[in-house]
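For reference, the structure discussed in these notes is given below.
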Amino acid sequence: MTIQLSHLEEEVKKIYTKLNMLTPENIDLERIAAAFKIWIHYEKANSSMFCINGLYSMVLDIRASPQEQWQDFVHELAHVLKHAGNQFNMNRMFRELQEYQANSFMYHFCVPTFMLEKISLPRMQPEAIKLIGDTFNVTYPFAAKRLEMYKRKQFSILWHQKLYQAN
């Protein structure tokens, strides 16, 4: 099935293509950080991002697993790429919108659709979740949510095709 990529999925594909990371094995947190001139610090602290004089630094929690660090990195990367301003000084609703956008970016960047659609997923959901988690270096709960998002998209495409054929 051919999947029409959303604007966000196209944006993710464009970033990875520019970085010449076209397969899950090529994805590299340190190279991505360097490409966007982000300094990474590993500390015993919650993951966060800050900008001083136009220079971005990101703190990743050293106590977190590599998978959680990767997910946190991408969430914070979304703020670097898409948002401006200090979240502590903004309206609650606007802050929630930014968090929603960062989470959406995180799911699509950690497990890009253009890479996911090239993988032959097992029929059994637990096996598919494990394959996604292991292939893309994300936690299994994260992989389960991303698989659900992917399946919803596939269902939507099939539903629209059937609707179009019926008319």
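Rule-based calculations on the coordinates, nothing more; no lab input. Just so we're clear, the structure is a prediction, and the values are computed from it rather than from any experiment. In this analysis, Cβ positions are derived from the backbone assuming ideal geometry, glycine residues included, and neighbour counts consider all displayed protein chains.
For Gln4 and Tyr140, compute 0.36 nm times the residue count separating them, minus their Cα-Cα distance, and round to one decimal in nm.
Here the answer is 46.4 nm.
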query = For the chain, what D do you get in µm² per second when you plug the Kirkwood radius from alpha-carbon pairs into Stokes-Einstein at 10 °C and 1.306 mPa s?
reply = 92
query = If R0 is 41 Å, what FRET efficiency do you get for Tyr42 and Phe155 from their C-beta distance, rounded to 0.05?
reply = 0.55
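Could you sort the peptides 131-138, 118-125 by per-residue average Cβ neighbour count (10 Å cutoff), highest mean leading?
Going from most to least packed, we get 131-138, 118-125.
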key: Among His79, Val111, Ile27 the positive-end extreme of the charge dipole of the chain (Cβ point charges)   = Val111
task = List the residues whose amide H sits under 5 Å from the amide H of Tyr56, counting only those 5 or more places along or on another chain, with H placed 1.01 Å from N in the peptide plane.
result = Trp39
query = Straight-line reach from Lys13: which lysines have Cα under 18 Å away, leaving out those fewer than 8 places along the same chain?
reply = Lys82, Lys118, Lys153
ask   = Sequence-distant or interchain residues sharing an amide H contact under 5 Å with Ser47, placed H: which?
value = Asp61
